[in-house]
Amino acid sequence: MTFLNPHPDFPILSVLIFGPLVAAAVAAFIRSERLLRWWTLASTTVVAVVSLPLWWWFDATTAKFQFVEQVAWIPALKISYSLGIDGISLLLVLMTTLIMPLCVLCSWRYITKRVREFMICLLIMETAMVGVFCALDFILFFVFWEAMLIPMALLIGVWGGPRKIYAAIKFFIYTVAGSVLLLVAIIALYLKVGSFDIRAMMGHPYAAEFQCWVFLAFFISFAIKVPMVPFHTWLPAAHVEAPTAGSVLLASILLKMGTYGFLRFSLPITPYATHVFAPYVLWLSIAAIIYGGLTALAQSDLKKLVAYSSVGHMGFATFGIFALNADGIEGATLVMINHGITTGALFIAVGIIYERLHTRDLGEAAGMGKFMPVFAGFLGIFCLSSLAFPGTNSFIGEFLVLVGGFKVSMPMVLCAVPGVVIAAAYMLRMLQKVAYGRVSNPDHSQLADLNLREIVTLAPLLVFVFWIGLHPQPFVHVMHASVQHLLEQANGPLAHAAAVLR
């Protein structure tokens, strides 16, 4: 049901973007660490609450961008402060705002040094991430895209593990390399269109060769962010060394910027090139699904296991996107949301293990569930979700992706199916060892089960596991019109006309 916005002129997107930045400025003057934690939790919670009306005010019957704000920023270059969301970006904005309070909660005891700087980095990250999903001007998008780079590198490099500097530098270099190519593509499009307005770029005809070069620049930039094989090598190091909140942000939000870039830019702006390169991207996606699963199966470090599982799960997302049909893209969008929920929860669970044992070794964690039954229950549900067990959120997303894949190529889908089996193998192996494994390590009998804060952190994610798993229709409905419009752009006249504009 859609409710009319009672305040259509209220700049709700700007509030969501810059509210955390204002909170970060206030946090800079707070001396008490306890007060800093409560201030950051309150600020992110308020932003999350303010974002909820977007769900009710959003009109799912239209593909038009809504809640649009546009003000001239640099008129001489036709750069504007332009914001708006459609059904795809709505889900990503809400996931970002709702995951941030959980990042604060899971850092409550984990972060003990430079608490002020840590909380400021989290708040600045929220500004940048929400801005990426709302920007309708390419320069504004690029500013937000780059703005999240520094605080994320700091989260890894300052509050990370033993190899934190190596991981932070590797993350920074990979991301900057992708950003340079993205900027080149933006400038090339501006020279053709005469504007940085993303909506104008979507409807402009481009020559086939030009599209191919722009697509490749887009592809490398977004593939690094996803990350797709072979651009994935920065991810395990970043995840392993990052603090729990950093890993959650990487898995739940930052990786989605890559797949969002494919949906927002590659398909509608370079439709001809998308069709040319789609088969190659599909095979790379299958490689990611299989490689990510097999590598995760070989890990004994819990963080590495979950990190490599992300490579496989995001392979399903890119596979669905480049299937170029409604089932595939809607399934891919659900995979993006579900991965953010489930993998974020798994990283929080790994953080809980590390806080108690000061190790992430799977063998050392064996048998914990016998003395932490509440934790074992949460972990069991999230593991079942990660392997796409029917009734959980991940099942419907991967199911739709496979349906979309069958419409493209049955052999490709058959090549991807082993990834589902491998996911079951590594997740059940982890669950069996942690929850039910034989205790051949130091005595776990003194371990405390989840406290109230940890239960409150995991419970909202558990709700979404079953809400989307048992009743996905509201989430599919809100994106359906936007997906149909995206397919019209990707499969429409411009995709075919480009061939004669060589």
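The values are calculated or read from the model by the stated rules, or taken from the named source; none is laboratory data. The structure presented is a predicted model; accordingly, all values stated were derived computationally and were not measured. Don't worry about glycine lacking a Cβ; one is built from the backbone with ideal geometry, like all the others, and counts go over all protein chains shown.
Is one or more of the residues making up the range 376-395 at pLDDT 90 or above and touching a Lys or Arg at 6+ places or on another chain (Cβ under 9 Å)?
Checked against the condition, which is being at pLDDT 90 or above and touching a Lys or Arg at 6+ places or on another chain (Cβ under 9 Å), the range 376-395 yields at least one hit.
Of the numbered conditions (1) over 27 Å from residue 197 (Cβ atoms); (2) in contact with a Gly (Cβ under 6 Å, 6 or more places away or on another chain), residue 34 satisfies every one except a single condition; which is it?
(2)
When residues of the range 136-169 are filtered for being crowded, with 18+ Cβ neighbours inside 10 Å, of a type outside the set (A, V, I, L, M) and under 14 Å from residue 237 (Cβ atoms), how many remain?
Of the residues in the range 136-169, 3 are crowded, with 18+ Cβ neighbours inside 10 Å, of a type outside the set (A, V, I, L, M) and under 14 Å from residue 237 (Cβ atoms).
Looking at (1) buried (at least 24 other Cβ atoms within 10 Å of the Cβ); (2) touching a Leu at 6+ places or on another chain (Cβ under 7 Å), which is the only condition residue 116 fails?
Here residue 116 meets the rest and fails (1).
Out of all the residues in the range 364-377, which are of a type in the set (Phe, Trp, Tyr) and buried (at least 23 other Cβ atoms within 10 Å of the Cβ)?
Step one: of the range 364-377, the residues of a type in the set (Phe, Trp, Tyr) are 371, 375.
Of everything in the range 364-377, just one residue is of a type in the set (Phe, Trp, Tyr) and buried (at least 23 other Cβ atoms within 10 Å of the Cβ), namely 375.
Specify the residue that is nearest to residue 239 (Cα to Cα); the eligible residues are those in the range 345-361 that are under 23 Å from the mean Cα position of the chain (by Cα) and not small (Gly, Ala, Ser).
Initial filter on the range 345-361 (under 23 Å from the mean Cα position of the chain (by Cα)): 345-352.
Still in the running and not small (Gly, Ala, Ser): 346-348, 350, 352.
Working: 346: 12, 347: 9, 348: 12, 350: 11, 352: 15 Å.
It comes out as 347.
Looking at 273, 288, which one is buried (at least 24 other Cβ atoms within 10 Å of the Cβ), touching a Gly at 6+ places or on another chain (Cβ under 7 Å), assigned to a helix (DSSP H, G or I) and not polar (S, T, N, Q)?
Numbers: 273 fails: touching a Gly at 6+ places or on another chain (Cβ under 7 Å).
So the residue among 273, 288 that is buried (at least 24 other Cβ atoms within 10 Å of the Cβ), touching a Gly at 6+ places or on another chain (Cβ under 7 Å), assigned to a helix (DSSP H, G or I) and not polar (S, T, N, Q) is 288.
What do you reckon, is residue 104 β-branched (Val, Ile, Thr), under 15 Å from the mean Cα position of the chain (by Cα) and either buried (at least 20 other Cβ atoms within 10 Å of the Cβ) or not in a helix (DSSP H, G or I) (or both)?
Numbers: β-branched (Val, Ile, Thr): yes; under 15 Å from the mean Cα position of the chain (by Cα): no; either buried (at least 20 other Cβ atoms within 10 Å of the Cβ) or not in a helix (DSSP H, G or I) (or both): yes.
Answer is no for this residue.
Would you say residue 228 is part of a loop (DSSP other than H, G, I, E, B), touching a Ser or Thr at 6+ places or on another chain (Cβ under 8 Å) and within 25 Å of residue 141 (Cβ to Cβ)? Walk me through it before giving the result.
Working: part of a loop (DSSP other than H, G, I, E, B): yes; touching a Ser or Thr at 6+ places or on another chain (Cβ under 8 Å): yes; within 25 Å of residue 141 (Cβ to Cβ): yes.
When the stated conditions are applied, residue 228 passes them.
Quick check on my filter: what residues within the range 316-363 are surrounded by fewer than 24 Cβ atoms within 10 Å (Cβ to Cβ), among the aliphatic types (A, V, I, L, M) and outside any helix (DSSP H, G or I)?
The answer is 324, 362.
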